Amino acid sequence: MPPFSQSGPLSIAFSHNNHKFDKPNHHSSTNVVTIDVGGQLFQTTKQTLTLAGSNTLFSNLFSSYDQIPFIDRDPDLFSILLSVLRTGNFPSKAKSFDIQDIISEAEFYGIDHLLVQSHSNPSQFDAFNLEKSTILPLSGRDSPSVIATTPYGSAHVAHGSKITSFDWSLRRKSTILTPFTAIDSLLSLSSNVVAAGATDFSGLQVINLDMGSVVQSLNWENMTRSSSTVQAIGSSPEFLFTSFESGRRNSNSIMVYDINDGFRVVSEIARNEIFGADLDSAIPSTKLSWVSSLNLLMASGSHSGASGVSGNIKFLDIRSGNIVWEIKEKSDCFSDITVSDTLSAVFKIGVNSGDVSYIDFRHIDSDNSWNCLGDTKKTIKGKKEGFGCKIESHGNQVFCSKEGELEVWSEVFMGGSKNGKDERVFRKNVLGRTKDLGGNRVTNLGFSGNKMFVTRKDQQSVEVWESSRKGF
């Protein structure tokens with residue numbers, strides 16, 4: 001209900017967490033609760049207030065008292081928070097307020113955790129309504145090398161030897177220095193802990209961002225006992241995966257650590273000792289993705305040589321260390337690759353053609369040939385249309401960068417079959433308004449909550465893309 005303009009009678013105040021408010025005017029037999037905030041009356045239900053949690057200012061408003069409780073706070077801000085409790089989402093009128101004022105008010109009532117969830121609710125992510133909403137500047141001259149996101153709208157950005165963290169509101173940021181010259185791999189382990197590695201620095205470093213220091217260093221012991229550089233990082237709910245390569249580049253491996261047991265070594269898989277000209281063994285995994293629907297780890301890597309670009313995509317059973325499936329790339333090797341549990345497929349951008357293609361998990365045993373999402377392009381000899389392009393899956397969509405532009409592919413359910421298999425049809429949309437199109441080449445895509453984060457070559461900033469109707 002909307003707030004009332006009149007004020008109710010007040011009685012002797014009682015305190016909760018050093019905040020004074022008066023005794024409520026309701027009985028245990030009724031479900032309606034009336035609250036006076038800054039002279040305006042609000043009515044809500046006990047169930048709505050229960051959503052705030054037990055350790056909040058609202059938790060003492062359920063007792064039976066004779067008077068209406070009075071809270072000496074801003075009623076307009078309170079109405080926004082009450083809407084968040086009722087619907088789980090920000091009301092449109094919140095755009096008229098500074099987000100920092102809303103955050104401060106939520107902290108006063110003890111419901112800032114709900115504010116995080118509502119402001120960055122993944123259900124608000126609308127791939128077809130994304131537009132560039134905010135530019136987050138970074139200090140220094142280094143462009144972002146890698147970005148790591150957390151579940152509810154916050155992000156960590158590596159640029160040069162620094163990591164800059166933005167909280168869920170994108171208003172608070174902090175920057176720390178690391179022991180790296182440059183960071184090539186970054187993964188969020190929690191809101192304030194990341195795993196970081198580089199191709200020219202030995203060991204995986206676990207960094208506490210609040211402390212600004214390395215709390216643990218994980219290394220791989222290779223045959224030559226040389227340094228072990230990090231090529232890629234991935235994770236599942238239980239395990240941390242790290243792709244290592246020896247400093248002499250004659251061996252590589254993937255280490256599996258237990259996230260919940262102090263990063264205890266669980267196993268070592270996909271170890272390769274390179275002898276002679278065994279090119280396939282020489283390729284370390286440069287991308288690791290956990291495929292929960294298959295309970296397998298996807299590990300991919302590529303190599304550029306005189307004969308062109310070649311690579312491999314392996315699906316590994318981390319318990320046995322066995323390769324369950326392997327896709328070897330010779331012609332039109334991937335420039336980038338992603339897996340989607342939701343779409344049950346692995347997707348790539350061809351380095352030569354720039355085409356977006358997929359292989360269906362459900363048929364990978366019998367057919368591991370790539371299916372192009374759009375019209376196949378004629379490849380011009382010597383020209384690499386897909387070089388530097390990025391691809392990431394999120395929800396029901398696949399997002400790609402082609403130079404400075406962004407596009408999204410979505411599956412259209414058409415029915416029918418082809419060669420005894422369900423036919424899958426995908427359609428492409430270009431993201432953003434006219435003013436958002438173009439720009440420098442995209443170097444990273446990341447997703448968190450209802451946001452997409454984009455970094456570009458030679459830009460000392462991060463773009464935030466949101467659905468237009470949801471942003472502040």
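The values are calculated or read from the model by the stated rules, or taken from the named source; none is laboratory data. Every value quoted in this text rests on a predicted model; they were computed, and no experiment measured them. Cβ: placed from backbone, ideal geometry, glycine included. Neighbour counts: every protein chain shown. Note: accessible area is taken over every heavy atom of the protein model, side chains too, but ligands, DNA and RNA are not part of it. Shrake-Rupley method; radii C 1.70, N 1.55, O 1.52, S 1.80 Å.
Just a yes or no: is a residue in segment 29-50 under 28 Å from residue 166 (Cβ atoms), crowded, with 18+ Cβ neighbours inside 10 Å and at pLDDT 50 or above? Checked against the condition, which is being under 28 Å from residue 166 (Cβ atoms), crowded, with 18+ Cβ neighbours inside 10 Å and at pLDDT 50 or above, segment 29-50 yields no hits at all. Scanning segment 263-310 for residues that are modelled with pLDDT under 95 and on the phi > 0 side of the Ramachandran plot yields 270, 276, 308.
Can you tell me how many residues within segment 378-392 are over 18 Å from the mean Cα position of the chain (by Cα), closer than 24 Å to residue 440 by Cα and either modelled with pLDDT under 90 or assigned to a strand (DSSP E or B) (or both)? Talk me through it step by step, then tell me what you get.
Looking only at segment 378-392, we keep the residues that are over 18 Å from the mean Cα position of the chain (by Cα), and these are 378-389.
Add one more test, that the residue is closer than 24 Å to residue 440 by Cα, and what stays is 379-380, 382-389.
Keeping just the survivors that are either modelled with pLDDT under 90 or assigned to a strand (DSSP E or B) (or both) gives 379-380, 382-385.
Here the count works out to 6.
Just one of 359, 274, 269, 327 is of a type in the set (Val, Ile, Thr) and out of contact with any Lys or Arg (no Cβ under 9 Å at 6 or more places or on another chain); which is it? Walk me through it before giving the result.
Values: 359 fails: out of contact with any Lys or Arg (no Cβ under 9 Å at 6 or more places or on another chain); 274 fails: out of contact with any Lys or Arg (no Cβ under 9 Å at 6 or more places or on another chain); 327 fails: out of contact with any Lys or Arg (no Cβ under 9 Å at 6 or more places or on another chain).
The unique qualifying residue is 269.
Residues of segment 113-144 that are open to solvent by less than 60 Å² (accessible area, probe 1.4 Å), more than 28 Å from residue 433 (Cβ to Cβ) and not hydrophobic (A, V, I, L, M, F, W, C): 139, 140.
Residues checked against (1) in contact with a Ser or Thr (Cβ under 9 Å, 6 or more places away or on another chain); (2) closer than 27 Å to residue 125 by Cα; (3) of a type outside the set (S, T, N, Q); (4) at pLDDT 95 or above:
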{"site": "148", "(1), (2), (3), (4)": "yes, yes, yes, yes"}
{"site": "166", "(1), (2), (3), (4)": "yes, yes, yes, no"}
{"site": "173", "(1), (2), (3), (4)": "yes, yes, yes, no"}
{"site": "177", "(1), (2), (3), (4)": "yes, no, yes, yes"}
{"site": "186", "(1), (2), (3), (4)": "yes, yes, yes, yes"}
{"site": "190", "(1), (2), (3), (4)": "yes, yes, no, no"}
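Close Cβ contacts (under 7 Å, 6 or more residues apart or on different chains) running from residues in segment 424-449 that are over 15 Å from residue 390 (Cβ atoms) to residues that are crowded, with 18+ Cβ neighbours inside 10 Å and of a type in the set (A, V, I, L, M) comprise 426/373; 429/408; 432/130; 432/406; 448/155. Sub-8 Å Cβ pairs linking a first residue in segment 76-97 that is without any contact (Cβ under 8 Å) to a residue 40 or more places away in the chain and under 14 Å from residue 116 (Cα atoms) to a second residue that is open to solvent by 60 Å² or more (accessible area, probe 1.4 Å) and in a helix (DSSP H, G or I), at least 6 apart or interchain, are 80/93; 88/117, ordered by first then second residue. Among the residues making up segment 316-344, a single one is under 12 Å from residue 302 (Cβ atoms) and among the aromatic types (Phe, Trp, Tyr): 334.
If you check residue 90 against the conditions, is it crowded, with 17+ Cβ neighbours inside 10 Å and at pLDDT below 90? Don't jump to the end; show me each part of the working.
Values: crowded, with 17+ Cβ neighbours inside 10 Å: yes; at pLDDT below 90: yes.
So residue 90 fits the description; yes.
Can you tell me which residues in segment 198-220 are part of a loop (DSSP other than H, G, I, E, B) and touching an Asp or Glu at 6+ places or on another chain (Cβ under 6 Å)?
199
Just a yes or no: is a residue in segment 138-150 of a type in the set (Ser, Thr, Tyr), within 18 Å of the chain's Cα centre (by Cα) and either within 29 Å of residue 84 (Cα to Cα) or assigned to a helix (DSSP H, G or I) (or both)? Yes; the residues of segment 138-150 include at least one that is of a type in the set (Ser, Thr, Tyr), within 18 Å of the chain's Cα centre (by Cα) and either within 29 Å of residue 84 (Cα to Cα) or assigned to a helix (DSSP H, G or I) (or both). Among the strands (runs of 3 or more DSSP E) confined to segment 393-472, the ones with at least 1 residues that are at pLDDT 95 or above and hydrophobic (A, V, I, L, M, F, W, C) are located at 397-402, 405-412, 442-448, 451-456, 461-467.
Every residue, every condition in (1) surrounded by fewer than 20 Cβ atoms within 10 Å (Cβ to Cβ); (2) without any contact (Cβ under 8 Å) to a residue 40 or more places away in the chain, yes or no:
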residue	(1), (2)
184	no, no
187	no, no
196	no, yes
202	yes, no
213	yes, yes
225	yes, yes
233	no, no
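Given the structure, is residue 132 among the charged types (D, E, K, R) and in contact with an Asp or Glu (Cβ under 8 Å, 6 or more places away or on another chain)? Taking the combined requirement at face value, the residue satisfies it.
Against the test of being part of a loop (DSSP other than H, G, I, E, B), closer than 21 Å to residue 291 by Cβ and modelled with pLDDT under 85, the options 365, 375 yield a single qualifying residue, 365. For segment 238-261, residues that are assigned to a loop (DSSP other than H, G, I, E, B) and modelled with pLDDT under 95 total 4. For segment 98-112, the candidate set comprises residues that are surrounded by fewer than 15 Cβ atoms within 10 Å (Cβ to Cβ) and touching a residue at least 12 places away in the same chain (Cβ under 8 Å); within that set, the residue that is nearest to residue 191 (Cα to Cα) is 100.
Looking at 304, 289, 293, 344, which is the one that is under 28 Å from the mean Cα position of the chain (by Cα), among the small types (Gly, Ala, Ser) and open to solvent by 40 Å² or more (accessible area, probe 1.4 Å)? Full working, then the answer.
Numbers: 304 fails: under 28 Å from the mean Cα position of the chain (by Cα); 289 fails: open to solvent by 40 Å² or more (accessible area, probe 1.4 Å); 344 fails: open to solvent by 40 Å² or more (accessible area, probe 1.4 Å).
Going through 304, 289, 293, 344 in turn, just one is under 28 Å from the mean Cα position of the chain (by Cα), among the small types (Gly, Ala, Ser) and open to solvent by 40 Å² or more (accessible area, probe 1.4 Å): 293.
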